[in-house]
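Trainee: Here it is: the structure, laid out below.
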Amino acid sequence: MAVINTYTLKNKNNFELEVSTIGATILGLKVPNKYGDFINVVVGLNSALDYISEDYLENKLYLGATVGRYAGRISKKELIIASKKYIIHHENNIHLHGGENGFDKKTWVVESIEEGATTSQITLSYLSKHLEEGYPGNLKIFVTYTLTDKNSLKITYRATTDKTTIVNLTNHSYFNLNGEGSILNHELLINSDFYLEVDENLVPSGKLNSVEKTRFDYKLKKRIKNINFKGLDDTFVLNKSKLKAEITSEKSGVKMKVYTNQPAIVAYTPKKFKNLPFKENVKYADYPAICFETQHFPDAPSNKHFPSTELNPSETYLNETTFEFSIVKE
Ligand code: G6D
């Protein structure tokens, strides 16, 4: 039975993760800064019910939410999957983040909660019925959030289907390693040699452009507020490095490393937040946060040369991402 509820998990170092069954959403993640004070590094609202308010929903922010069945944009309204035609939800000529009522708006079922002395984890599930938002196949999804004894948050998605379908899941947490203000003084590294070229509607053209000498080159760590920064809402094709991305804040001393088995990260830095009931009435400034949406390429169904996002009944979809926290050595 799916009920609206929130759960708080801790690890042996008092890292604290708050999860809601609405959208299997991360409401907050508290980690220590260099002074030993615990700060919330994931943008969240005061209560789970704030996430179903019209005020919030009309902003289409997906704060901390599980996004699917297909995260990102799909340009076509008509999908051909296993030689059959399916019509998916389309708005303003695009299908975004699973459609009108994607996974972020569903109430998930808590399958298990394990609170150990050193690590804790919670697993939630959702059954996306055949033709929900137009997608084929009854898709059963499990998401496990683990707070490890290595001070990491590990997010694992598994999914199986009874008909060939497409799947591309991600978590849409907005990170700010100061817990307030802006991320413009954070330093960012992304191990990516190519980014996806997009049109004015952020739909991929199919071209992979080199990051060399462009505003997308974060192969060497640099301050986000650099001369070329115009905001990010872009797909970075990850290279073979084990470490996929890293972000640090000199002010808080918090470092976050990102590891994933996914081929891409969509890095998104909204210009500003509308006035919402943020936790502890936190005040955010311009460029308040950055998302590291680890996932497949957007619009893969329309670009056969992109890695496939099709899932067959005999397969299990697996998306594993780890956000590892530490304190920057002075
Ligand atoms: C905007 O283009 C962006 C998306 O990438 C983001 O996920 C969403 O806002 C929250 O549509």
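Trainee: Quick one: which residue in Ile22, Ile74, Ile39 is of a type in the set (A, V, I, L, M, F, W, C) and within 15 Å of the ligand (Cβ to nearest atom)?
Mentor: Ile74
Trainee: Sticking with this structure for a sec: Is there a residue in region 70-83 that is among the aromatic types (Phe, Trp, Tyr), touching a strand residue (DSSP E or B) at 6+ places or on another chain (Cβ under 6 Å) and farther than 30 Å from Ser205 by Cβ? Walk me through it before giving the result.
Mentor: First pass over region 70-83, keeping only residues among the aromatic types (Phe, Trp, Tyr): 70.
Then drop every residue that is not touching a strand residue (DSSP E or B) at 6+ places or on another chain (Cβ under 6 Å), which leaves 70.
Narrowing the set further to residues that are farther than 30 Å from Ser205 by Cβ leaves none.
Within region 70-83, none of the residues are among the aromatic types (Phe, Trp, Tyr), touching a strand residue (DSSP E or B) at 6+ places or on another chain (Cβ under 6 Å) and farther than 30 Å from Ser205 by Cβ.
Trainee: Give the residue that is farthest from Leu208 (Cα to Cα), with candidates limited to residues of region 263-291 that are assigned to a loop (DSSP other than H, G, I, E, B) and β-branched (Val, Ile, Thr). It would help to see each step written out before you state the result.
Mentor: Initially, region 263-291 is screened for residues assigned to a loop (DSSP other than H, G, I, E, B), giving 263, 269-277, 282-283, 285-289.
Remaining after also requiring β-branched (Val, Ile, Thr): 269, 282.
Details: Thr269: 21, Val282: 38 Å.
Taking the candidates together, the pick is Val282.
Trainee: Then there is this: On the given criteria, is Ser182 farther than 26 Å from Arg73 by Cβ, surrounded by fewer than 24 Cβ atoms within 10 Å (Cβ to Cβ) and touching a Ser or Thr at 6+ places or on another chain (Cβ under 8 Å)?
Mentor: Spelling it out, it is not the case that Ser182 is farther than 26 Å from Arg73 by Cβ, surrounded by fewer than 24 Cβ atoms within 10 Å (Cβ to Cβ) and touching a Ser or Thr at 6+ places or on another chain (Cβ under 8 Å).
Trainee: I would also like to ask the following. Out of all the residues in region 314-330, is one or more buried (at least 17 other Cβ atoms within 10 Å of the Cβ) and in contact with a His (Cβ under 8 Å, 6 or more places away or on another chain)? Break it down into steps so the answer makes sense when it comes.
Mentor: Here is the first cut: in region 314-330, the ones buried (at least 17 other Cβ atoms within 10 Å of the Cβ) are 317, 319, 321-325, 327.
Those still in the list that are in contact with a His (Cβ under 8 Å, 6 or more places away or on another chain) too: none.
No: zero hits.
Trainee: Still on this structure, please answer the following. Say we look at region 17-74 and pick out the residues that are closer than 24 Å to Tyr157 by Cα and among the aromatic types (Phe, Trp, Tyr); which of these is surrounded by the most Cβ atoms within 10 Å (Cβ to Cβ)?
Mentor: My answer is Tyr70.
Trainee: Can you tell me which residue within region 81-117, out of those that are touching a Phe, Trp or Tyr at 6+ places or on another chain (Cβ under 8 Å) and among the charged types (D, E, K, R), is surrounded by the fewest Cβ atoms within 10 Å (Cβ to Cβ)?
Mentor: Checking each candidate, the answer is Glu111.
Trainee: Take the conditions free of Cβ contacts under 8 Å to residues at least 12 places away in the same chain and away from the ligand (no atom under 13 Å from the Cβ) and apply them to Lys329. Does it pass? Please lay out each step first, then the result.
Mentor: Working: free of Cβ contacts under 8 Å to residues at least 12 places away in the same chain: yes; away from the ligand (no atom under 13 Å from the Cβ): yes.
Considered against the rule, which asks whether it is free of Cβ contacts under 8 Å to residues at least 12 places away in the same chain and away from the ligand (no atom under 13 Å from the Cβ), Lys329 comes out as yes.
Trainee: Take the residues in region 78-98 that are under 11 Å from Pro301 (Cβ atoms) and either basic (Lys, Arg) or outside any loop (DSSP other than H, G, I, E, B) (or both); name whichever of them is nearest to the ligand (Cβ to nearest atom).
Mentor: His95
Trainee: Right, another one. Could you identify the single residue in Ile39, Ile26, Ile4 that is part of a strand (DSSP E or B), touching a residue at least 24 places away in the same chain (Cβ under 8 Å) and over 22 Å from Thr170 (Cβ atoms)?
Mentor: Result: Ile39 is the single residue among Ile39, Ile26, Ile4 that is part of a strand (DSSP E or B), touching a residue at least 24 places away in the same chain (Cβ under 8 Å) and over 22 Å from Thr170 (Cβ atoms).
Trainee: So, one more: Regarding Leu243, is this residue assigned to a loop (DSSP other than H, G, I, E, B), away from the ligand (no atom under 16 Å from the Cβ), closer than 16 Å to Ser192 by Cβ and among the hydrophobic types (A, V, I, L, M, F, W, C)?
Mentor: Working: assigned to a loop (DSSP other than H, G, I, E, B): yes; away from the ligand (no atom under 16 Å from the Cβ): yes; closer than 16 Å to Ser192 by Cβ: yes; among the hydrophobic types (A, V, I, L, M, F, W, C): yes.
In short, yes.
Values in this text are rule-based calculations from the coordinates and carry no lab data. Given the structure is predicted, the values throughout are model-derived calculations rather than measurements. Cβ sites come from the backbone with ideal geometry, for glycine too, and all protein chains shown count toward neighbours.
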